[in-house]
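Notes follow once the structure below has been shown.
Bear in mind these aren't lab numbers, they're just calculated from the coordinates by the rules spelled out. Since the model is a prediction, treat every value here as computed from it, not as a measurement. Here Cβ is always computed from backbone atoms with ideal geometry, including for glycine, and neighbour counts include all displayed protein chains.
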Amino acid sequence: MTIDTSLRRRARRETERRRYARIALWCCILQLADGTVTYLGLGAGLTEINGIQLWLFAHVGVGAALVMSKGLVCMLAITSWHAGLYRTVVALRLIYAGVVTLPFATMVLQLR
């Protein structure tokens with residue numbers, strides 16, 4: 001292995017690391033946005049459809065539940081990225097899309 005090959009591999013790893021850092025950052029931004037919209041929606045009289053969130057609301061209150069659940073997802077994304085578990089970061093995004101975003105989008109489309 002030459003020095004040139006080693007430098008290319010290192011550059012490729014750094015590029016991959018930055019790409020997944022952006023994914024982890026977007027994960028946190030989306031969690032913050034989702035928590036804010038959920039809080040405002042609940043204040044406007046809408047209801048939560050996520051059973052886990054409803055359980056948390058009943059046990060610790062709305063604000064604390066949102067901070068806990070959204071903070072946990074952000075913490076997992078950042079920790080996974082930092083540990084180099086890039087597939088875990090992507091898996092978190094896919095799970096979030098399937099469990100939260102798709103049911104919400106279906107509900108919104110049915111309101112039309």
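Among residues of the stretch 36-61 that are surrounded by 10 or more Cβ atoms within 10 Å (Cβ to Cβ), those with a Cβ under 6 angstrom from a residue that is assigned to a loop (DSSP other than H, G, I, E, B), sequence gap 6+ or separate chain, pair up as Leu54/Glu48. Gly84 passes every criterion in (1) over 16 Å from the mean Cα position of the chain (by Cα); (2) more than 30 Å from Arg10 (Cα to Cα); (3) not hydrophobic (A, V, I, L, M, F, W, C) apart from (2). Scanning the stretch 39-58 for residues that are over 14 Å from Lys70 (Cβ atoms) and of a type in the set (Ser, Thr, Tyr) turns up just one, Thr47. Does the stretch 65-81 include one or more residues that are in contact (Cβ under 8 Å) with a residue 12 or more places away in the chain, surrounded by fewer than 16 Cβ atoms within 10 Å (Cβ to Cβ) and over 14 Å from the mean Cα position of the chain (by Cα)? Scanning the stretch 65-81, I find no residue that is in contact (Cβ under 8 Å) with a residue 12 or more places away in the chain, surrounded by fewer than 16 Cβ atoms within 10 Å (Cβ to Cβ) and over 14 Å from the mean Cα position of the chain (by Cα), so the answer is no.
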